[in-house]
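**Q** First the structure, then my questions, so here it is.
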Amino acid sequence: MAVLTLYTARVRLVALLLMAAPCLAAPPSEYQVKAVFLFNFAQFVEWPAGAFPDPRAPFVIGVLGKDPFGPDLDAVAHGETIGNHPLLIERYRNIGELHNCNILFIGRTETAELPHILDVLKGRSILTVTDAEDGDPRGVMIQLLTRSNRIRLRIDVGAARAGNLVISSKLLRPAEIVGEEG
């Protein structure tokens, strides 16, 4: 997969903000920024060869639980592809609805169900992401933390490795690393 440069990521964020914000003076919302993060994760993670049922299958970003993004995630994904895969956004009310998914954002409303969700996903090559800050997100591959009005990443490399995912050092460098580092 092609690596998205930091410059390109910033250009994409500015373009999204120009589309989404009717007034240029308004700062981007927390979930506008997180939507761009989700899209960019696809550029910095390698999935195993068998992660797609066929070469033209869509690359799916799923949202589990109450959707905090509204139209922002759809705006980021509109017309985009990841490699040869068209980008598709799906929303799931519960983990039983999930079938083929590459990145799963687990909403804050699902914090109590997190151990069960991760157990269902065990052994599957699905990048799990949450922004839940309460509870124990151990086993979630990427946690988005808001600190001083900035989004910080906490990455569990052991959980990613268990899902047969390889996270680029470009994504790991600015993150707090937890889990097995070896």
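**Q** Where in the stretch 102-154 are there strands (runs of 3 or more DSSP E), lying wholly inside it, with at least 2 residues that are of a type outside the set (A, V, I, L, M) and surrounded by 14 or more Cβ atoms within 10 Å (Cβ to Cβ)?
**A** 127-130
**Q** What pairs come out if I take residues in the stretch 111-137 that are closer than 13 Å to C101 by Cα and pair them with residues that are small (G, A, S) and in a loop (DSSP other than H, G, I, E, B) whose C-beta lies under 6 Å away, six or more apart or interchain?
**A** S125/G163
**Q** Would you confirm whether any residue within the stretch 84-100 is closer than 18 Å to A160 by Cβ and not hydroxyl-bearing (S, T, Y)?
**A** no
**Q** A further question on this structure: So, in the stretch 156-172, of the ones that are touching a strand residue (DSSP E or B) at 6+ places or on another chain (Cβ under 6 Å) and crowded, with 20+ Cβ neighbours inside 10 Å, which residue ends up nearest to P48 (Cα to Cα)?
**A** L165
**Q** For V76, work out the one condition from (1) assigned to a helix (DSSP H, G or I); (2) over 14 Å from the mean Cα position of the chain (by Cα); (3) of a type in the set (A, V, I, L, M) it doesn't fulfil.
**A** (2)
**Q** Kindly list the number of the only condition in (1) within 15 Å of the chain's Cα centre (by Cα); (2) at pLDDT below 95; (3) under 23 Å from G158 (Cβ atoms) that fails for R108.
**A** Here R108 meets the rest and fails (3).
**Q** Okay, next question. Looking only at residues in the stretch 81-101 that are assigned to a loop (DSSP other than H, G, I, E, B) and either among the β-branched types (V, I, T) or surrounded by 16 or more Cβ atoms within 10 Å (Cβ to Cβ) (or both), which one is modelled with the lowest pLDDT?
**A** Across the stretch 81-101, the extreme among qualifying residues is N100.
**Q** Restricting to the stretch 156-182, name every residue that is hydrophobic (A, V, I, L, M, F, W, C), part of a strand (DSSP E or B) and without any contact (Cβ under 8 Å) to a residue 24 or more places away in the chain.
**A** Hit for the stretch 156-182 is I177, nothing else.
**Q** Within the stretch 36-72, which residues are under 18 Å from G107 (Cα atoms) and of a type in the set (D, E, K, R)?
**A** K66, D67, D72
**Q** Also, I was wondering about something else. Return the only residue of A15, A57 being at pLDDT 90 or above, surrounded by fewer than 18 Cβ atoms within 10 Å (Cβ to Cβ) and of a type in the set (G, A, S).
**A** Exactly one residue qualifies, and that residue is A57.
**Q** If I ask for residues that are outside any loop (DSSP other than H, G, I, E, B), touching a residue at least 40 places away in the same chain (Cβ under 8 Å) and under 12 Å from L171 (Cβ atoms), which ones from the stretch 38-63 would you list?
**A** Result: F41, V45, E46.
The values are calculated or read from the model by the stated rules, or taken from the named source; none is laboratory data. Bear in mind the structure is a predicted one, so any value in this text is a computation, not a measurement. Ideal geometry is used to build each Cβ from the backbone, glycine not excepted, and the neighbour counts take in all protein chains shown.
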